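Read the structure below first, then the notes.
Just so it is clear, none of the values below were taken in a lab; they were calculated from the coordinates. Predicted, not measured: the structure shown is a model, and the values here were computed from it. Glycine gets a Cβ as well: all are built from the backbone with ideal geometry, and neighbour counts include every protein chain shown.
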Amino acid sequence: MAKDMTLLWGTGSVPCWRVMIMLEEKRLQGYDKKLLSFEKMEYKSQEVLDINPRGQLPSFKHGNIIVNESYGICFYLESQFKNQGTKLIPDDTDQQALMYQRMFEGPTFYDKVGAVVYYEYYVPEGERHDSAVKRNREALVTELNLWEGYLQKLGAGSYLAGPSFTLADVVVFPVVGILFGFGLSAERYPKLGEYHARVKERPSVKASWPPYFVEGQEDWDTLKDI
Ligand SMILES: N[C@@H](CCC(=O)N[C@@H](CS)C(=O)NCC(=O)O)C(=O)O
């Protein structure tokens with residue numbers, strides 16, 4: 001139980017989802033979690049600003065300790081609860097190196113996904129261009145093929161950094177979740193499809209599945225032709 005932990009989060013947020021998977025993997029269920037609304041801009045509320053002056057989610061507190069960046073929270077929890085729940089940093093040097101490599105490719109991956117999926121949200125109507133849409137989609141295809149290749153090289157049943165589930169999966173799986181949530185074809189990207197189908201059955205992922213997906217997903221097909 002983790003009654004001395006508070007997480008302020010928003011549904012559909014990749015950074016928040018990372019932290020929720022992490023808390024589950026480290027068996028820290030029972031923490032105080034508060035769902036805030038992006039629509040109502042509750043991430044700029046005083047409650048959030050008191051913990052996170054950037055006014056962003058996730059905002060996280062453990063006792064009097066504040067850690068806000070999703071990667072920072074994941075590293076902090078792994079370090080504080082090393083011997084509890086899943087061990088998420090492998091001892092093997094090669095696997096550990098690959099884990100760090102893939103983890104820090106995660107934000108690049110997410111940027112490429114976001115540039116396509118959230119284009120209309122980020123770019124005001126008068127500033128949208130077909131050429132930019134095409135460029136973003138091409139960049140995403142290149143990125144997807146890169147991750148297909150990574151998984152292909154590791155072999156069937158692998159996680160992102162080898163045979164065990166690691167911090168790389170905690171931080172990158174939510175990006176993969178968003179991809180398939182927006183209709184990515186598992187036939188076209190079979191390695192990512194297999195990885196997604198397998199990891200989404202993990203108890204930590206099931207327990208943290210964003211309500212946002214459950215509510216809206218059927219109509220989302222932005223990525224079906226990618
Ligand atoms: N680098 C931060 C990013 C957090 C972030 O961008 N959160 C978004 C929701 S996904 C947010 O709160 N956006 C509101 C804002 O930036 O004003 C992390 O990894 O935790």
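In table form, for the structure just shown:
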read-out	value
Share of pairwise Cα separations in segment 5-80, more than 18 Å, in percent	30 percent
Distance from segment 79-121 to segment 127-181 (C-alpha centre basis), Å	11 Å
The chain: calculated mean residue ellipticity at 222 nm from DSSP helix runs of at least 4, using -39500 (n - 2.57)	-16500 deg cm²/dmol
Positive-pole candidate from Phe109, Gly149, Ala186, dipole of segment 93-219, charges at beta carbon	Gly149
Relative contact order of the chain, pairs being alpha-carbon contacts under 8 Å that are 6 or more residues apart, as %	23 percent
Pairs of lysine residues in segment 6-112 - Cα separation under 15 Å, sequence separation of 8 or more or cross-chain	5
Antiparallel %, DSSP beta bridges [both residues in the chain], to 5	65 percent
Segment 71-87 - phi-based ³J(HN,Hα) in whole Hz, Karplus 6.51/-1.76/1.60, Gly and Pro as x	5, x, 5, 5, 5, 4, 5, 5, 6, 6, 10, 3, 9, 10, x, 6, 7
Net charge of neighbours whose Cβ lies under 15 Å from the Cβ of Tyr76, counting Lys and Arg as +1 and Asp and Glu as -1	0
Residue with peak Gaussian network fluctuation, the chain [Cα springs, cutoff 10 Å], from Met20, Met103, Met41	Met41
Taking Glu194, Glu187 and counting other C-beta atoms within 10 Å, the order from fewest to most	Glu187, Glu194
Taking N as its residue count, the alpha carbon Rg of the chain over 2.2 N^0.38 Å	1.02
